[in-house]
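A short write-up of the structure that comes next.
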């Protein structure tokens, strides 16, 4: 049957669809902000009329290559191509800045493939036992997994523990905005805004946190930061770097695979968790964040394993492991295959699907490096042209997630906030962890209590949950017991809340930020008084913990500030170089762009934004600017028309053409 | 040079404006031509059907199955486009439809039980779903109740007086509460994201029961190979389920079967323009009776159940009366 599956998948017609899917997937993946969900969902209707095998191979190829293609933007531009490649930016982009873009891309290619292959092998060999695993992992175990993942805040914020915890709590409270997942009756912290009742989606938040804030930096720096990023070094050198790190592959592959087979945890979490776990154990951990190849290997392997691992519960249990999995499941059903334990009993087609999954991974392994050289030309674009184009793509990505114009505003607001937090040295990755894990922790805690009708003893009756809790506590405690001297030193650092990490220059900003967060928490606490009890508990606990972190930190900062009021003490390092476009101007442009989307519609607003912002950033070639503006309008028009997306028309067009 | 630059930029701006108008107005131009030839006045532009859930799910599949057929039967050639607007258990997408102009160009897929329940919970604010214009039904599915095979409950009688956790999806709140009342159980509603997830929780023993659309739940009983036991059908007999699964009436339960009948209906905002309403009712009625629609639904594992006109209005009205009857049981929000 397996052989029949591969033979079927390799028929001439299916090969064409395989390569077409890979090609389209690479293009969609490379475009920042448009991830696999988008690619698979929008290609799905085109497959309705196809032969089932061709349709499924096409979709599997898109699924594989969009996830891979996401890495390219992350490495070359420091803008995540999709939620799964957030962690790839952290070492991939620094590598590119050091002139090792090719190596980074090669690492991403092979790591992603190996991660996917590990998961594929487990799918092929162990589908049934893995399906059984999902039977014993329930709400208490998910809750403990969520806590375990939250404990990675300590790794993500090493040396900045207090800041990291504050950010994690901030992310947790942001994750509670919207309809409460426990009772569905309370609409928390929405202040009457309908679109906030649906919460803050991960795509919009990661776009804001990593893409928008990076665009602000790109405009400030005015050049591809660092040295020329020509992809002249060998992609194959990246392959060698991967093969030199078998332990990293194993650790990250297992983490990504595990997070993939458990439904609903998501590829964003897999990439970040694999990275942070590797950061804890890798011999090159000191270089993580500065261009460590191991960081890219970890993030990409974890992501690749999760992307295919997600399909295990999808195929074996009929429970989609992710949104993309749900769409693929819909495609399977439409084409006559029922996911579940009887999946493999539906003739040849399921084996063709399995073969298609592996071939999808192989095809991007072959086409990817070729595409990298071609697509990497984008880095030669002048920043005044490149940054506005990426902004438009981010706006498109944010809008297409849920078809809310409001999401564009939300993304910009989160982006501005993240930029500010990054400037004062707060680790926004911890905020992302909070945003992703908040709903998982809250809803699974509530479900756990319901098992024993409100009794907390349920956690004592679940050995796997207890084991996970023990592992979490050991994980947190281990660094302090590792070395007695190290224990004393680390404990001292923890107790002083990172006393060495408060930058005098940013202190007023930090104080203002903490006061603002505190005020927001107070407002939320006041709002929460009207919620039902089940909807109120989690936000209040987070708010209380946040205050317990903010107040000592504020006191500490104020005391430090008073100690440093001697004349001359405030003299800091020399003036920064003049930015190409100050962040205040970039933010203003973003906000005007958002307003124009509402007023003039997306197409016209995008064209005007690109021309105006490029001109302001110093690009004066009128012909090119005009051409770019027109091209951007045409691109968004074709994009919307081809993929049946209804872009906002704007108030004025609505009046002119009701 | 400056003047030429300004002129050039002005021309470019005009071109961009033209693009925007072209993108939005090409159909109007085409219809403008058609109008001259005494064709019906409506529709003049694309119609949008809002699916208030993410792409790939049941509602999405049904909408995409019927959209091309509605196009086929409308009096004029325009596109019927499906737009996914998920969020807050269908509230955001439904509200977008409700607040749109009642000109027939913005419709949505709705379930009147869910609308009524959400309204009773206070979730709809100023929007009154009872005033929507209900145009045509795509399908109607009974609800199937499953428990864990070999678990602490073996039959409905075991549930009397017992604490029971019911999996909640948003769309099944009413049937959960009605069944709990009928069997005498003390319900705790526990939120889950989807039927496969909820059924897995039941199979695992983390949840006592799951009640949702029969076809989807029955598939899970096969998927989970004997770990689930179907015990009750609410909403009438389902053709795809074996006769061994009894309905509430057959079991003599004091339970209104309608609480478990999940309907998927295309609706427009209140006070829909009469010409548009008639054209849509005709087109949707024909589309849902088209053999291609039936085939596509069957292939996807659903059964088409077209309904329109006075029968549909009565069915919807009966649903809202049912909501009023059970209103005291429905938990209220803020």
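Identify, please: which residue in the range B:237-263 is in a strand (DSSP E or B) and buried (at least 21 other Cβ atoms within 10 Å of the Cβ) and is, among those, modelled with the highest pLDDT? Per the stated criteria, the residue is B:263. For the range B:27-47, the count of residues that are buried (at least 18 other Cβ atoms within 10 Å of the Cβ), at pLDDT 90 or above, assigned to a strand (DSSP E or B) and within 13 Å of another protein chain (Cβ to nearest Cβ) is at least one.
Could you list all residues from the range B:114-123 that are more than 9 Å from chain A (Cβ to nearest Cβ) and surrounded by fewer than 23 Cβ atoms within 10 Å (Cβ to Cβ)? Hits for the range B:114-123 are B:119, B:120. One residue stands out in the range A:622-658 among those that are more than 9 Å from chain B (Cβ to nearest Cβ) and assigned to a loop (DSSP other than H, G, I, E, B): the one that is farthest from the chain's Cα centre (by Cα), namely A:648.
Within the range A:595-621, the set of residues being surrounded by 21 or more Cβ atoms within 10 Å (Cβ to Cβ) and either part of a loop (DSSP other than H, G, I, E, B) or more than 14 Å from every other protein chain (Cβ to nearest Cβ) (or both) comprises A:601, A:613, A:617. Of the residues making up the range B:93-108, those that are surrounded by 24 or more Cβ atoms within 10 Å (Cβ to Cβ), within 24 Å of residue A:177 (Cβ to Cβ) and either at the interface with chain A (Cβ under 9 Å from one of its Cβ atoms) or in contact with a helix residue (DSSP H, G or I) (Cβ under 6 Å, 6 or more places away or on another chain) (or both) are B:93, B:95.
All of B:249, B:244, B:258 fail the test of being away from chain A (no Cβ under 14 Å), in contact with a helix residue (DSSP H, G or I) (Cβ under 8 Å, 6 or more places away or on another chain) and free of Cβ contacts under 8 Å to residues at least 40 places away in the same chain, apart from B:249. Just one of the listed residues (B:202, B:190, B:175) is part of a helix (DSSP H, G or I), within 13 Å of another protein chain (Cβ to nearest Cβ) and under 29 Å from residue B:332 (Cβ atoms), and it is B:202.
Exactly one residue among A:133, A:152, A:123 is over 27 Å from residue B:171 (Cβ atoms) and within 14 Å of another protein chain (Cβ to nearest Cβ), and that residue is A:133. The residues of the range A:197-210 that are more than 9 Å from every other protein chain (Cβ to nearest Cβ) and either surrounded by 24 or more Cβ atoms within 10 Å (Cβ to Cβ) or in a helix (DSSP H, G or I) (or both), listed by number, are A:202, A:203, A:204, A:205, A:206, A:207, A:208, A:209, A:210. Of all the listed residues (A:21, A:25, A:35), the sole one being out of contact with any strand residue (DSSP E or B) (no Cβ under 9 Å at 6 or more places or on another chain) and modelled with pLDDT under 80 is A:35.
In summary, residue B:90 fulfils each of the numbered conditions (1) crowded, with 23+ Cβ neighbours inside 10 Å; (2) facing chain A (nearest Cβ under 8 Å) with the single exception of condition (2). Comparison of B:60, B:111 shows that the only residue that is within 10 Å of chain A (Cβ to nearest Cβ) and more than 19 Å from residue A:405 (Cβ to Cβ) is B:60. When the range A:399-437 is filtered for residues that are in a helix (DSSP H, G or I), within 14 Å of another protein chain (Cβ to nearest Cβ) and within 13 Å of residue A:200 (Cα to Cα), the ones remaining, listed by number, are A:399, A:401, A:402, A:406, A:407, A:410.
Please verify whether residue A:630 is closer than 30 Å to residue A:400 by Cα and modelled with pLDDT of 90 or more, treating the condition exactly as stated. Yes; evaluated as a whole, the condition is true for this residue. Before we move on, is residue B:213 farther than 19 Å from residue A:453 by Cβ and in contact (Cβ under 8 Å) with a residue 24 or more places away in the chain? The answer is yes for residue B:213.
Each row is one residue, and each column tells you yes or no for (1) surrounded by fewer than 23 Cβ atoms within 10 Å (Cβ to Cβ); (2) part of a helix (DSSP H, G or I); (3) in contact (Cβ under 8 Å) with a residue 60 or more places away in the chain; (4) away from every other protein chain (no Cβ under 11 Å).
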{"site": "B:125", "(1), (2), (3), (4)": "yes, no, no, no"}
{"site": "B:136", "(1), (2), (3), (4)": "no, no, yes, yes"}
{"site": "B:140", "(1), (2), (3), (4)": "yes, no, yes, yes"}
{"site": "B:152", "(1), (2), (3), (4)": "yes, no, no, yes"}
{"site": "B:158", "(1), (2), (3), (4)": "yes, yes, no, yes"}
{"site": "B:182", "(1), (2), (3), (4)": "yes, yes, yes, yes"}
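Can you spot a residue in the range A:43-58 that is assigned to a loop (DSSP other than H, G, I, E, B) and at pLDDT 85 or above? No: zero hits.
Just to be sure, is residue B:234 within 20 Å of the chain's Cα centre (by Cα), crowded, with 20+ Cβ neighbours inside 10 Å and under 30 Å from residue B:151 (Cβ atoms)? Answer is yes for this residue. Note on the range A:227-245: among residues that are within 12 Å of residue A:101 (Cα to Cα) and in a loop (DSSP other than H, G, I, E, B), the one that is modelled with the highest pLDDT is A:234.
The values are calculated or read from the model by the stated rules, or taken from the named source; none is laboratory data. Everything quoted here is computed from the prediction, not taken from an experiment. FYI the Cβ positions are ideal-geometry reconstructions off the backbone, even for glycines, and counts take in every protein chain you see.
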